[in-house]
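Asker: Sharing a structure with you now.
The values are calculated or read from the model by the stated rules, or taken from the named source; none is laboratory data. In this text the structure is predicted, and so the values were computed from the model without any measurement. Neighbour counts run over all protein chains shown; Cβ positions are idealised from the backbone, glycine included. All accessible areas refer to the heavy atoms of the entire protein, side chains included, with ligands and DNA or RNA removed. Shrake-Rupley method; radii C 1.70, N 1.55, O 1.52, S 1.80 Å.
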Amino acid sequence: QVQLVESGGGLVQAGGYLRLSCAASGRTFSMYSMGWFRQAPGKEREFVASISWSDGSRYYADSVKGRFTISRDNAKKLVYLQMNNLKPEDTAVYYCAATRGSEFTSANTADYWGQGTQVSVSS
């Protein structure tokens with residue numbers, strides 16, 4: 001069982017930055033690939049970024065490449081999403097998720113979800 005709690009969301013102006021954190025519980029955190037997804041009002045939940053448990057490979061949605069960076073600290077059971085150069089279209093609820101799979105780019109393969117944190121970017 002893994003429980004996930006996100007933090008770090010907020011309101012920021014376009015061009016600004018935020019760092020989201022996801023704190024995980026459970027003894028096997030290092031064996032889960034971790035991902036960030038987001039959902040804007042009226043839209044489906046979409047993949048943002050993930051990091052593999054097996055070799056640390058990172059995956060990004062095209063819309064955030066070069067602006068967002070995902071990282072993890074297995075000792076502290078934390079996952080981060082550094083978001084730079086934020087745009088109004090990044091506004092959404094951001095969710096942390098975990099899966100036992102390796103390449104994690106689909107919400108359908110998530111085993112666990114956090115409750116989400118709101119990110120709002122003003123123009």
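Asker: Per the Kirkwood definition applied to all pairs of different Cα atoms, how many angstroms is the hydrodynamic radius of region 61-123?
Answerer: Final number for the Kirkwood radius of region 61-123 is 13.3 Å.
Asker: Next question, about the same structure. Please identify every one of the GluC sites (Glu not before Pro) in region 31-98 that sits in a loop by DSSP and has no more than 10 other beta carbons within 10 Å of its own beta carbon. Please report the intermediate quantities before stating the final value.
Answerer: Values: sites: Glu44, Glu46, Glu89; in loops: Glu44.
Here the GluC sites (Glu not before Pro) that fit, given the DSSP loop and packing criteria, are Glu44.
Asker: Pick from Ala92, Ala75, Ala14: which is most flexible by mean-square fluctuation in a GNM of the chain where alpha carbon atoms under 10 Å apart are linked?
Answerer: Result for the chain, Cα springs under 10 Å: Ala75 fluctuates most.
Asker: If we count every other residue with Cβ under 12 angstrom of Glu89's Cβ, Lys/Arg +1 and Asp/Glu -1, where does the sum land?
Answerer: +2
Asker: Can you give the accessible area per residue of the chain, in Å², using a 1.4 Å probe?
Answerer: Per residue, the chain has an accessible area of 51 Å².
Asker: So, one more: I'm checking a number: the convex hull volume of the Cα atoms of region 1-68, normalised per residue, in Å³. What is it?
Answerer: About 118 Å³ per residue, rounded to a whole number.
Asker: Provide the per-residue ³J(HN,Hα) series for region 41-58, in order, calculated from phi with Karplus coefficients 6.51, -1.76, 1.60 and θ = phi - 60°, each as a whole number of Hz, with x at glycine and proline positions.
Answerer: Result, ordered by residue: x, x, 10, 6, 5, 10, 6, 10, 7, 8, 9, 6, 6, 7, 9, x, 4, 10 Hz.
Asker: Heavy atoms only, probe 1.4 Å: what % of the accessible area of the chain goes to carbon and sulfur, would you let me know?
Answerer: Carbon and sulfur together cover 45 percent of it.
Asker: Roughly how big is region 49-104's charge dipole about its Cα centre, with Cβ charges of +1 (Lys, Arg) and -1 (Asp, Glu), in debye to the nearest 20?
Answerer: Roughly 180 debye for region 49-104.
Asker: What ranking do 33-43, 110-120 get when scored by the average of other Cβ atoms within 10 Å per residue, highest first?
Answerer: On the way: 33-43: 19.0, 110-120: 17.5.
Output ranking for 33-43, 110-120: 33-43, 110-120.
Asker: Counting Lys +1, Arg +1, Asp -1, Glu -1, what net charge surrounds Val12 among other residues with beta carbon under 15 Å of its beta carbon?
Answerer: On the way: positive: Arg19, Arg38, Arg67, Lys87; negative: Glu89, Asp90.
That sum, taken over residues with Cβ under 15 Å, equals +2.
Asker: Using the crude model of +1 on Lys and Arg Cβ and -1 on Asp and Glu Cβ, and no other charge, please compute the dipole size for the chain relative to its Cα centre, in debye to 20.
Answerer: Result for the chain is approximately 240 debye, rounded to the nearest 20.
Asker: Name the residue, out of Val48, Val79, Val64, whose mean-square fluctuation peaks in a Gaussian network model built on the chain with Cα pairs under 10 Å.
Answerer: Comparing Val48, Val79, Val64 in the GNM, the peak value goes to Val64.
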